[in-house]
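Only the coordinates and a few stated rules stand behind these numbers; no lab work does. Nothing here was measured: the structure is a model prediction, and the numbers come from that model. Positions of Cβ are generated from backbone atoms using ideal geometry, with glycine treated the same way; all protein chains shown enter the neighbour counts.
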Amino acid sequence: MTDIIQEQAPEQEQKVTKKTKKNKRVVQTGEAHIQATFNNTIISITDKKGEILIASSAGANGFRGSKKGTAYAAQVAAEKVAEIAKREHGMNSVDVFVIGIGLGRDSAIRAMGSGGISINSITDKTPIPHGGVRPKGERKP
């Protein structure tokens with residue numbers, strides 16, 4: 001019978017790194033950008049420089065398919081964003097910039113106001129074509 005001697009490797013020391021909690025910036029006033037399309041509504045809150053603090057959409061709140069484009073889905077997304085902005089960043093007032101022609105435009109703005117954030121101004125930045133592209137077909141003399 002042979003004796004088997006097992007050698008154990010020295011235990012490796014595990015490095016313990018302590019994660020520091022990232023400090024949330026306190027921003028009193030900011031901008032709310034609402035992009036309302038026919039298929040979805042995307043709401044993002046930024047500071048005055050344009051750096052995004054919070055973003056949410058109807059799809060991120062559990063709405064799928066054609067329900068994402070509804071006014072109720074936009075309202076739920078705006079309420080969630082307003083609540084997080086107020087709680088984590090101490091936001092009190094926003095300037096609202098609306099882009100697009102979807103159903104969630106008005107309901108998202110109303111939900112931001114009812115969420116405890118005062119609205120200073122509302123600006124419509126929807127792009128409007130001036131003349132548009134050349135129409136299909138032959139050129140007429």
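Overview of results
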item	result
In the range 114-130, residue surrounded by the fewest Cβ atoms within 10 Å (Cβ to Cβ) [restricted to those that are small (G, A, S) and more than 15 Å from T29 (Cβ to Cβ)]	S114
G62 free of Cβ contacts under 8 Å to residues at least 40 places away in the same chain, crowded, with 18+ Cβ neighbours inside 10 Å and over 21 Å from S121 (Cα atoms)	no
The range 31-58 residues that are over 18 Å from A74 (Cβ atoms), paired with ones that are not in a strand (DSSP E or B) (beta carbon under 6 Å, 6 or more apart)	D47/V27; L53/H89
From the options E88, E51, E79, residue that is surrounded by fewer than 17 Cβ atoms within 10 Å (Cβ to Cβ) and under 14 Å from the mean Cα position of the chain (by Cα)	E51
